[in-house]
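Working notes for the structure below.
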Amino acid sequence: MTWSVSSCFITLVVLFLWRVDDITEACTCMSVHPQRAFCNADVVIRAKVVGVKAVSGNTNYDVKQIEMFKGPNQDIHVISTGGPCRAFLEINKEYLFTGRLNTDGTVHVIMCDFIQSWGALSDTQMRSLTLRYRSGCDCTIIRCTSIPCTISAPEECLWTDWVMEKSHSGPQAQHFACINRSDGSCAWYRGIAPPKKEFLDIEDP
């Protein structure tokens with residue numbers, strides 16, 4: 001290999017690695033608790049992927065909506081994704097989708113959104129989609145990445161899955177919701193059953 005060819009090859013490799021690094025950097029996501037993903041999304045649905053096609057640089061997945069937990073008064077038929085953070089979905093598989101509603105009635109998602117195989121959700125997560133997550137949308141979930149970490153306001157809940165479990169799918173993500181209490185504060189609640197009145201009501205000492 002001549003010097004000029006070798007130099008060109010090295011340049012191409014450097015450019016390729018720079019481009020891969022650039023794409024990876026552009027697609028860095030900050031994990032969010034499923035409740036926060038629910039509250040931030042325009043649309044939250046359970047749907048089965050039934051087809052796929054490329055449209056203007058995007059990937060459009062045809063879906064059959066099974067249940068809507070949040071969104072417009074119409075069924076969603078297309079999940080659209082694109083760019084370096086495009087999501088990759090499997091045909092004939094059911095997912096929980098959280099995403100942004102487009103003006104044409106389609107839903108746009110990226111891999112940074114909370115997209116989970118329906119069968120991988122815990123029972124608590126499934127039940128929380130119908131009421132509990134929504135009831136805590138005025139609360140703020142603070143993501144703890146290192147010790148020490150604290151909350152700074154009573155309406156905050158501290159999410160410690162990463163520091164305790166080294167996973168963003170730990171017990172708090174799987175089994176807890178951060179919900180409002182009667183005095184305006186927020187607290188983690190665990191369980192499938194609705195919170196008892198004693199949990200929601202705060203009495204002065």
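Odds and ends about this structure:
- Amide hydrogen proximity for residue 168: with H placed 1.01 Å from N in the peptide plane, no residue at 5 or more positions away or on another chain lies under 5 Å.
- Bridge orientation summary for segment 57-204: considering DSSP beta bridges with both residues in this region, about 70 percent are antiparallel.
- Annotation: amide H-H contacts under 5 Å for residue 102 (H modelled 1.01 Å from N, sequence separation of 5 or more, or interchain): 107, 108.
- Near residue 172: Cβ cut-off under 14 Å, other residues only, Lys/Arg at +1 and Asp/Glu at -1. The net charge is +2.
- Whole-number accessible area per residue in Å² for segment 104-185, which is evaluated in the context of all protein chains at 1.4 Å: 51
- For segment 25-118, the spread of Cα positions along each principal axis, largest first, Å: 32, 30, 26
- Estimated at 0.36 nm per residue, the fully extended path between residue 42 and residue 26 surpasses their Cα-Cα distance by 3.5 nm.
- 3J(HN,Hα) along segment 58-74, derived from phi through the Karplus expression 6.51 cos²θ - 1.76 cosθ + 1.60 where θ = phi - 60°, amounts to 9, 10, 9, 9, 6, 10, 10, 5, 9, 7, 10, 9, 7, x, x, 7, 7 Hz, with x in place of Gly and Pro.
- For the pair residue 62 and residue 190, label points projected 7 Å from Cα toward Cβ lie 4.5 nm apart.
- Estimated distance in nm for a label pair at residue 126 and residue 158, the labels positioned 7 Å out from Cα along Cα-to-Cβ: 3.3
- The ratio of the alpha-carbon radius of gyration of segment 46-205 to the globular-protein estimate 2.2 N^0.38 Å is 1.20.
- Extended-chain gain in nm, criterion 0.36 nm per residue less alpha-carbon gap, residue 92 and residue 169: 25.3 nm
- Amide hydrogen neighbours beyond the local backbone of residue 157, cut-off 5 Å, H modeled: 140, 141, 142
The values are calculated or read from the model by the stated rules, or taken from the named source; none is laboratory data. Treat the numbers as computed from the prediction; the structure is a model and nothing was measured. Cβ coordinates were reconstructed from backbone atoms using ideal geometry, including for glycine residues, and neighbour counts include every protein chain displayed. Side chains are part of the model used for accessible areas, which takes the heavy atoms of the whole protein and leaves out ligands, DNA and RNA. Shrake-Rupley method; radii C 1.70, N 1.55, O 1.52, S 1.80 Å.
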